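Single-structure report; data block below.
FYI, it's all coordinate maths here, none of it is from the lab. Note that the coordinates shown come from a computational prediction; the quantities given were computed from them, not determined experimentally. Virtual Cβ from ideal backbone geometry, glycine too; neighbours counted across all protein chains shown.
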Amino acid sequence: MPYLSSTGTTRRTGGAGQLGFGVPGYAHPLLASTEWAELTRPGTPLHWAVLNIDNGPGARPDPHCLEAAGRLRNARERIMRGEIPREAAGGAGGRVLGHLDLALGSRAFGELIADAQSFLDWYRVDGFYLGRCPAGRAELPAVRRLTSTLATLLEHDEGGDERGLLVLGLGTHPHPGYAEAADQLVTYSGPWTDYRWSQVAEWTAAYPPERFAHFVHGVPRTHLEEAMRIARWQGAGTIFFTDRDGRQGQSDPFAALPSYWDEIVSRIGPGISE
């Protein structure tokens, strides 16, 4: 089950804490084969990657997405079974999350559960990323109902010792009650020009960094170190930074690798997502 009751311990640091990547959703594997291949490269500190076929699971299983998800899942399973030493894997083997579009709370509960079941049946996902999740107090009961049901689906589906992972794609600091609705909250998603002046909500200090993620686009190579300092200072344990900015025909700045991918991987260093 996700963190529905515990609040963890206070942690806010400007030091060199361990960061890892959360990938909001690369383009289709046919269009982004290099991106998907990089996620299984030894030394990549991957926490999770989102699988999004057609703003959800699609109408039927996609063979290319099956292959991409299978490679990530097999890498993780081999590590968990001890077939590949963790130190040799160097961080490869993150979780695959199915993308569920909440449309800011306008989608029907039954539709979302049907999408979730398709992700489980077709792609054997390790959890779910709830995109365009509402952040207000009024919508919190509906989100809690959804995440509780998803957690139950994941418990029934899993064959191993690990539980599924639930991530709320908020993009902003929500009502504090959302912290008890899922495992991780995306509390920033936006441009570097805003991120460098952003402030963290005080209530987040009661939770450890693994509970928060930040996605920032338009980060210049020369400001990578500064961006990582901000993430650590604000208590985010999962990040995705890119120099892509959504301009010049880039419909989604997070759909491809940043030009400095190798550099940011080496700066963060290997780490295994527990």
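Of note:
- Stretch gain in nm, segment D54-R81, where the contour uses 0.36 nm per residue and the Cα spacing is subtracted: 6.5 nm
- Extended-chain gain in nm, criterion 0.36 nm per residue less alpha-carbon gap, R137 and T172: 11.3 nm
- Leading residue at positive end of dipole, segment 92-180 (Cβ point charges), from L154, V143, F119: V143
- In a DSSP loop and with at most 13 other Cβ atoms within 10 Å, the trypsin sites (Lys or Arg not before Pro) in segment 120-191 are R137.
- Options A182, T204, G164, ranked by Cα towards positive dipole end of segment 97-206, top entry (Cβ charges): T204
- Long-range HN-HN contacts of R95 with modeled amide H, under 5 Å: W48, A49
- Inter-label distance for E67 and R124, nm, one decimal - labels placed 7 Å from Cα along Cα-to-Cβ: 1.8
- Residues of segment 198-227 falling in the label zone of D245, defined by backbone nitrogen less than 12 Å from a point 7 Å along Cα to beta-carbon, are 217-221.
- Measuring r between the beta carbons of S148 and T222 and using R0 = 35 Å, the FRET efficiency lands at 0.20.
- Rounded to the nearest 20, the size of the Cβ-charge dipole of segment 153-206 about its Cα centre is 420 debye, with Lys and Arg at +1 and Asp and Glu at -1.
- Taken about its Cα centre, segment 100-166 carries a charge dipole of roughly 420 debye when the Cβ of each Lys and Arg holds +1 and the Cβ of each Asp and Glu holds -1.
- When only the Cβ of Lys, Arg, Asp and Glu is charged (+1, +1, -1, -1), the dipole of segment 142-267 relative to its Cα centre reaches about 420 debye.
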